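Derivation of every value follows stated rules applied to the coordinates shown; laboratory data play no part. For clarity, every value in this text was computed on a predicted model and none was experimentally measured. Neighbour counts are summed over all protein chains in view; Cβ atoms, including those assigned to glycine, are modelled from backbone coordinates with ideal geometry.
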Amino acid sequence: MRGSKGRIKYFLILPSLLPLLFLTLYPTIFAYYLSIHKITIRTFHNPEFTGVTNFINVAVNYQFWYSVGFTALYSAIVTPIEIALGLLLAILLNREIYGRRIIITLMLTPLAIAPSLMAIMMKLMFNEFVGLVPYILRYIGVNHNFFRDFNSSFITLIITDILQWTPFVFIIAYSGLQALPREPYEAALIDGADSKRIFRHITLPLLKPLLLLVSVLRFMDAYKLFEYVHIMTGGGPGFSTTTSTLFTYRVGFIHGDFGLAAATTLFLFYITMVSATIGLRILNKVRII
Amino acid sequence: MTKKSRREVLGAAAGFIGGLAVGAAAGWLAKTPETTLPITVTRTVVQPTTIERTIGLREQVTVKVNWWPGPESDAIAKVLDRWNKYMANESGIKSELVLFGRDAHVDKITSILLAGSPELDIVFEFYLVGKLAQYLEPLDQYFADESLYPYTLADYFPAAIDAFKVDGKIYGVPTDVSVHVLIYRKDLIPQPPKTLEELVGLARKFTKKYNSESPTDYGFIVSGKTLLFNAMLWESVLASAGGTPFEPGKETKAVEDLTSPAAKRALQIYADFMKDEISPPDSITYEYGEANAAFQAGRAAMYVQWNAAIGELRDRERSPRVWDKVGIAPIPGIQLTDGTILHRSHSHYLGYSINRASQHKKEAFKLLAYLTTTRAMLDYLKFGGFPPMRSVFYMPEAQQARTEIPELIPILDKYAYAMTNHPEVFTIYDILAKHISAAWSGQTSVDDALKAAQEELRTILK
C-alpha cells in the first residue's frame, strides 16, 4: 500500500512534467543538432554534418567576444547603480509619508512597459529635433547629443536600463526593509546609535542576502539585453554596442545561419552557467540557499 | 451535502452548461459555409415573361493570401475585396488575406515555407526569392499556358520581372517598387545638385555651422544606423560615384570593387558629413522614420531616401512645414568622359509567390493572374501600393493619385538598377552596414572599413 502511494505521486505530476520537458529538452537537443551542422534556409532539409566547426568559428570570431565583453561591461555598470538607487529609494520611502502608496505605484510604472516600447519612447525622448530632454537641456543652455558616438550611445542605453529596472530593485529592497525585525533597531536606539551606524551595522547586514540575490538576478537579466540596442542603436555605431543576444539574432535571423547561431547560443549558455555557478556559490556562502 | 453546497454545485453546473451552449451557438453563427453555391440568373427579355436559369453548382476554394503589413496590405485588402465581391462566385475562388506583424513577417513566412506547410497559398516573400526559391512554385509553365494566363507581363519594368527570376525561371510577381531618390528643399535649392561636388557644396552651404544665414541647421541627413536598409541607401551613392553595386550576377565584382577609389570616395563623403556635422550628430542612429522627421521639421535641406517617403512628405497634414517644398531628383553622381553625369539608383521590388506546398496552386495562380492586370494594379496604386507597371504609371488617374509618378518614371526608366537577388542578400547588406557605419561614426578609417567589409563578404560569397 505504501509502495503504490509512493509511486502515485510520480504519475500525478506527469501531466505537467511531460510538456515542460518537451518544451525545454526538445529545443535543447535540437540546438545541439543544429550546432553540429551547416544548416541554413537553403540547406534546411539536407544539412551537412560539420562536427565542431561552428563552435570553432564562434571561438575565433572577434565580434562574438567583443559582444560578450561589451554585454558583461554593460551589466557590470547598470547592476550596482540600480542596486544603490533602488536601495536608496526604498530607505527614503520606508517611513510614514503622505501619499506613499501613490508614489510607489507611480514608481513601478516603468516595469509595466515592454522593453521594446521603452526603447522607442526613449529614442523619441532623446531625439534632438522632437525629444523633450534635449529641448529642456537647450533651454538651460546645455547642448548634448545622446547618440552621436559610442560613448553617448552607451550612456543613453545605461540611462534607459536604469529608468526601467531600478523600480524592480526598489520593490525588492522595500519589501525586505518592511520585513526586517524591529528589535535590533530598538536596541540600537537605546544604545545611542545614530542613523549612519544603524544603517551600516544593522540594515545592511540584514539586507545583504536579499541584495546579493537581486544583484545576481539583475546581472543575468541585463546580460540578456536585446530590445534597447536593437531599436535604439542597431548595435552601432559599427558594431560597438552589439550585445551577445543581438549578435546571435543577426547570425540566426538575418544571415540565416542556424547552425552558427545555435553554436553561439550554446557557447553563451556555458558562459552564463559558469557565471551562475559562481553566483550560487556566493549565495550559498551567505546562507541564502 | 448541505443545502448551501448543493445550491453552489447546481449553480456551477448550470453556469458551465450555459457557457457551453453560448459558445456552441456563437460558433455555429460564425461558421461560414464553404461549399456548393447555387447561382441563379434572372433575365428580363422583351416579351413580358421572365426567364429563370440556374447555373450549375460550383465548389468554392479559398486561397489564403499573405501580404506585407502596412500601406501595402491596406491596398491589397481593397483589391481582394473587389475580387471577392465580383469574381469569387464566377471563378469559384475566394481570397482570404492573412497578415503577420511587420517585424516578424519574414521569420514567419520562412518558418511556414521551411516546414512545407500549406497554410498559405500565396506568400509575400518580399525580395527573398533567391533564398526561398526551392520552397516556391516556378511559374513559367503557368504563364505559358494561355488558358491560365491570357494577359502579358510586358507591362512591367523589365528589372522588376528579372528581380523574381532564379536560374532563368520566374518564381514570383512584383507588386511594389522601391527606388532611391534625392529629396531636397526646392524652395531653397532651385536646381538640385547633379554632381557629387555640387551635393557636397550645397550641403555645406545649408549647414548653419558653416553658414550662419542658412535657413536649415544641416545640409544633409545621413541615415546612419547600423541597418542593412541604410547600406542600400549608401549603395546608390556608391553606384553614382562610379562604384559597383550589388546587381544580379555581379556580386563578386561588387565585393572586389569595394576598395576602389569610387567606393572610398562615396564612403568618405558620408564620413565627412558626419565628422563635419553637416549631418545631425544623432543621425548615426537614424533610419527611415528619423530621417523623415528631421526633414519634416525643416531642419535639413537634402537627403537620400526611399520613394515611399514622398507621399508622407507631400502630405499637408503630416508635413505642415515642408509639404509644398519637397523636390525629387536623381542621385548626384560623377561626370563621365562624354560629359554626361552618372546617376544610378538602387531599386528593389517587393512581390509574392505561390507556396510550393499549397494545395490550391492553380486557383492561386488564377488569382495571381488577375493581380497582374492593369485594373487590379491601378486599384492597388490608388489605395496605397506602388506597382512597377508602365501602363499604370502613365494613366492620368494614377498620376493624379500619386503626384510623384511623373518625376519617378525617368529615374526608374533610366537610372534604376535592380538589387541582387542573391540568396545571401540580407547577409551582404548587413555586413556592409556594420562596416560602413563604423567609418561614418569615425570608429575606423574609410580604407579599413571597406577592407574589412570586403574580407568578410569574400567568405560569404566563396
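Only helices reaching 24 angstrom along their own axis (Cα) with mean Kyte-Doolittle hydropathy no lower than 0.5 count here, and for the DSSP H runs of chain B these are B:3-30. 3J(HN,Hα) along region A:195-212, derived from phi through the Karplus expression 6.51 cos²θ - 1.76 cosθ + 1.60 where θ = phi - 60°, amounts to 5, 5, 5, 4, 5, 6, 9, 10, 4, 5, x, 5, 8, 3, x, 5, 5, 5 Hz, with x in place of Gly and Pro.
Counting Cβ atoms of other protein chains within 10 Å of each residue's Cβ and taking the mean over peptide B:427-438 gives 4.
Among the listed pairs B:LYS382/B:LYS414; B:LYS165/B:LYS462; B:LYS253/B:LYS414; B:LYS169/B:LYS225; A:LYS224/B:LYS108; B:LYS264/B:LYS414, which are separated by more than 28 Å between their Cα atoms? B:LYS169/B:LYS225, as the Cα separations exceed 28 Å there. Compared with the direct C-alpha span, the chain from A:ARG182 to A:LEU111 gains 22.5 nm at full extension, assuming 0.36 nm per residue. Listed values for region A:233-241 are Karplus-derived 3J(HN,Hα) couplings in whole Hz (6.51 cos²θ - 1.76 cosθ + 1.60, θ = phi - 60°), namely 10, x, x, x, x, x, 10, 5, 10, and x replaces Gly and Pro. Simple rule: put +1 on each Lys or Arg Cβ and -1 on each Asp or Glu Cβ in chain B, find the dipole, and look at B:SER91, B:LEU450, B:LEU202; the Cα lying farthest toward the positive end is B:SER91. When DSSP beta bridges are limited to those with both residues in chain B, what percentage is antiparallel, rounded to the nearest 5? Of those bridges, close to 70 percent are antiparallel.
Length gained on full extension, B:ASN89 to B:ASP167: 24.3 nm, using 0.36 nm per residue less the C-alpha separation. Take every Cα-Cα pair in region A:49-285 and report what % of them are more than 33 Å apart. Looking at region A:49-285, the distances longer than 33 Å represent 32 percent of pairs. With a Förster radius of 22 Å, plug the Cβ-Cβ distance of B:GLN400 and B:ASP81 into 1/(1 + (r/R0)^6) and report the FRET value to the nearest 0.05. Between B:GLN400 and B:ASP81 the formula returns 0.50. Placing pseudo-labels 7 Å out from each Cα toward the beta carbon at B:ALA104 and A:LYS38 gives an inter-label distance of 3.3 nm. Counting neighbouring Cβ atoms within 10 Å and putting the fewest first, the residues B:LYS78, B:LYS85 line up as B:LYS85, B:LYS78. Normalised by the number of residues in chain A, the average gap of Cα pairs under 8 Å and 6 or more apart makes the relative contact order 30 percent.
Rounded to the nearest 500, what is the 222 nm mean residue ellipticity of chain B from helices alone, with -39500 (n - 2.57) per DSSP H run of 4+ residues and division by all residues?
Per the formula, -12500 deg cm²/dmol.
Principal axis extents of the Cα atoms in chain B, from largest to smallest and rounded to whole angstrom, are 82, 78, 50.
Label-to-label distance, B:ARG7 versus B:ASP315, with points set 7 angstrom from Cα along the beta-carbon direction: 6.0 nm. Amide H contacts of B:VAL326: B:LYS186, each under 5 Å away and 5 or more positions distant or on a separate chain (H built 1.01 Å from N in the peptide plane; Pro and chain starts excluded). Kindly identify the protein assembly as shown as rounded, prolate or oblate by the Cα gyration tensor criterion: order the square roots of the eigenvalues as a ≥ b ≥ c, call it rounded if a/c is under 1.5, otherwise compare a/b with b/c, prolate if a/b is larger, else oblate. Oblate is the answer for the protein assembly as shown, as a/c is 1.5 or above yet b/c matches or exceeds a/b. The charge dipole of region A:49-285, taken about its Cα centre with unit charges on the Cβ atoms of Lys, Arg (+1), Asp and Glu (-1) only, comes to about 240 debye.
Near B:MET302, the amide H atoms lying under 5 Å from its own belong to B:PHE220, B:ILE221; only residues 5 or more places off or on other chains count, and H is placed 1.01 Å from N. Normalised by the number of residues in chain B, the mean separation of alpha-carbon contacts (under 8 Å, six or more apart) gives a relative contact order of 23 percent.
By the helix-only formula, in which each DSSP H run with n ≥ 4 contributes -39500 (n - 2.57) and the sum is divided by residues, chain A has a 222 nm mean residue ellipticity of -22500 deg cm²/dmol. Here A:TYR98 and A:THR277 are evaluated by their C-beta separation; at R0 = 51 Å the FRET efficiency comes out at 0.65. Would you please give the FRET efficiency between B:ALA115 and B:LEU153, computed as 1/(1 + (r/R0)^6) with r the Cβ-Cβ distance and R0 = 30 Å, to the nearest 0.05? That pair, B:ALA115 with B:LEU153, gives E of 0.45.
Charge dipole of the protein assembly as shown (Cα centre as origin; +1 on each Lys and Arg Cβ, -1 on each Asp and Glu Cβ, all else neutral): 2820 debye, rounded to the nearest 20.
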